[in-house]
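Structure, as structure tokens:
The values are calculated or read from the model by the stated rules, or taken from the named source; none is laboratory data. Owing to the predicted nature of the structure, the values given are computational and were not obtained by experimental measurement. Methodologically, a virtual Cβ is constructed for each residue, glycine included, from the backbone with ideal geometry; neighbour enumeration extends over all protein chains shown. Accessible surface areas use protein heavy atoms only, side chains included; no ligands, DNA or RNA. Shrake-Rupley method; radii C 1.70, N 1.55, O 1.52, S 1.80 Å.
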Amino acid sequence: MMQELIAALAAEITTAELNNAATLDAFRINYLGRKGRLADLFDQLKTVPADEKRAVGQQLNALKQQAQARFDEAQQAAEAAADNTPANPDFDYTLPPVPHALGTRHPLMLVREEMLRVFARIGFAVAEGPEIEDDWHNFTALNFPENHPARDMQDTFFVTPPAGAEPGTQPHLLRTHTSTVQVRVMETEPLPIRRVMPGRVFRNEAISARAHMMFHQVEGIFIDEGVSFADLKQTVYYFVQELFGADINIRFRPSFFPFTEPSAEIDITCLICKGAGCNICKYSGWVEIGGCGMVDPAVLENAKIDSEKYSGYAWGMGIERIAMLKYQIKDLRLFTENDMRFLRQFEAL
Ligand code: DAH
């Protein structure tokens with residue numbers, strides 16, 4: 001009885017088709033598995049008369065080995081066949097690898113971070129504002145009178161109001177300077193205020209080596225009781241000497257901005273010629289890096305700050321201007337053209 005079952009199973013095992021993953025799997029489960037046919041026969045061993053047990057046991061073991069051997073052989077053959085099929089016959093595996101290209105940091109972002117780091121050391125935290133602004137924050141609150149020619153100082157991109165905007169909505173525009181964020185922090189933050197405000201600004205200008213319709217500024221503002229021009233000077237001195245070195249001098253040149261009184265242009269020793277005179281500084285030995293001044297009392301009042309009690313200073317500096325001086329870049333357009341030969345020269349990520 002047992003002998004017959006073993007013979008039948010042996011025949012099945014030798015002839016079973018084993019030519020793909022599915023049949024291999026079925027074979028393994030059916031014959032070799034813990035609940036498979038062979039295991040079944042091993043279970044029945046206990047019903048075999050004692051004098052036959054030994055012989056039947058040996059036959060069963062032999063059959064098990066035979067099944068395992070068939071399975072192993074068929075599996076190896078299947079694996080070898082799979083390996084020999086190229087995943088992509090059109091790909092040339094002998095080509096050298098493409099090197100993993102790491103980016104570099106954009107020079108404007110390097111300078112921006114460096115500037116913010118210096119101001120952070122003297123307590124100026126970062127604030128940001130929207131690039132699409134309203135007339136109030138870009139002009140009116142900053143003391144640009146309606147229809148005053150001062151508004152022409154900056155050629156503005158106006159934005160068409162969204163469909164369904166309330167009639168009489170004030171004009172919207174791409175901010176022409178980061179001074180907009182001064183107004184926003186003065187309107188919303190508790191006093192004293194000490195903020196730096198980096199961001200992009202936009203002006204309707206033809207793009208050339210020296211002008212662009214989009215550039216970056218870092219604005220700053222400090223408002224408290226008893227703030228004076230001496231404090232402003234001290235902050236600017238600290239910033240310039242931290243950024244460029246102790247041998248760099250600063251010059252405040254009287255100027256005009258509607259939102260500051262008095263106002264000044266900030267000049268520093270030309271970094272190229274160290275003051276000796278060259279074509280970058282037009283042989284004056286000085287280059288301009290931004291504007292500054294004491295916040296006009298009218299601007300404080302526009303933001304509902306008591307100008308009898310509080311005073312403050314502010315500045316705005318161009319990031320491109322400082323990056324050009326620092327890295328001796330002569331054409332503004334290089335910053336936005338994304339030419340790898342230019343970008344790769346800066347600090348690697
Ligand atoms: N907003 C000015 C500009 O874009 C720069 C400036 C000048 C900002 C004086 C200031 C400031 O905060 O006090 O030309």
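The requirement of being crowded, with 19+ Cβ neighbours inside 10 Å and either under 24 Å from I305 (Cβ atoms) or in contact with a helix residue (DSSP H, G or I) (Cβ under 7 Å, 6 or more places away or on another chain) (or both) is fulfilled somewhere in region 222-231, by at least one residue.
Selection within region 157-188: residues that are open to solvent by 50 Å² or more (accessible area, probe 1.4 Å) and within 16 Å of the ligand (Cβ to nearest atom). The member of this set that is farthest from L110 (Cα to Cα) is E187. Is it the case that region 92-111 has a residue that's open to solvent by 70 Å² or more (accessible area, probe 1.4 Å), among the charged types (D, E, K, R), closer than 30 Å to F346 by Cα and in contact with a Phe, Trp or Tyr (Cβ under 9 Å, 6 or more places away or on another chain)? Taking every residue of region 92-111 in turn, none turns out to be open to solvent by 70 Å² or more (accessible area, probe 1.4 Å), among the charged types (D, E, K, R), closer than 30 Å to F346 by Cα and in contact with a Phe, Trp or Tyr (Cβ under 9 Å, 6 or more places away or on another chain).
One line per residue, one yes/no per condition, for (1) in contact (Cβ under 8 Å) with a residue 60 or more places away in the chain; (2) of a type outside the set (V, I, T); (3) touching a Pro at 6+ places or on another chain (Cβ under 9 Å):
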| residue | (1), (2), (3) |
| --- | --- |
| L108 | yes, yes, no |
| V118 | yes, no, no |
| F124 | yes, yes, no |
| D134 | no, yes, yes |
| L142 | yes, yes, yes |
| N147 | no, yes, no |
| V159 | no, no, yes |
| A163 | no, yes, no |
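Of the residues making up region 1-60, those that are open to solvent by less than 80 Å² (accessible area, probe 1.4 Å) and part of a loop (DSSP other than H, G, I, E, B) are A16, L18, N20, G33, G36, V48, P49.
Any idea which of E308, E288, E301 is open to solvent by 60 Å² or more (accessible area, probe 1.4 Å), away from the ligand (no atom under 16 Å from the Cβ) and either in contact with a Gly (Cβ under 8 Å, 6 or more places away or on another chain) or not in a loop (DSSP other than H, G, I, E, B) (or both)?
On the way: E308 fails: either in contact with a Gly (Cβ under 8 Å, 6 or more places away or on another chain) or not in a loop (DSSP other than H, G, I, E, B) (or both); E288 fails: away from the ligand (no atom under 16 Å from the Cβ).
Only one candidate qualifies: E301.
Residues are listed down the side, and each one gets a yes or a no for (1) within 27 Å of Y237 (Cβ to Cβ); (2) at pLDDT below 95:
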{"position": "E265", "(1), (2)": "yes, no"}
{"position": "I272", "(1), (2)": "yes, yes"}
{"position": "I280", "(1), (2)": "yes, yes"}
{"position": "E308", "(1), (2)": "no, no"}
{"position": "R344", "(1), (2)": "no, yes"}
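For E347, the conditions (1) within 14 Å of the ligand (Cβ to nearest atom); (2) open to solvent by 60 Å² or more (accessible area, probe 1.4 Å) are fulfilled apart from (1). Condition check for K330 on (1) away from the ligand (no atom under 15 Å from the Cβ); (2) assigned to a strand (DSSP E or B): one failure, at (2).
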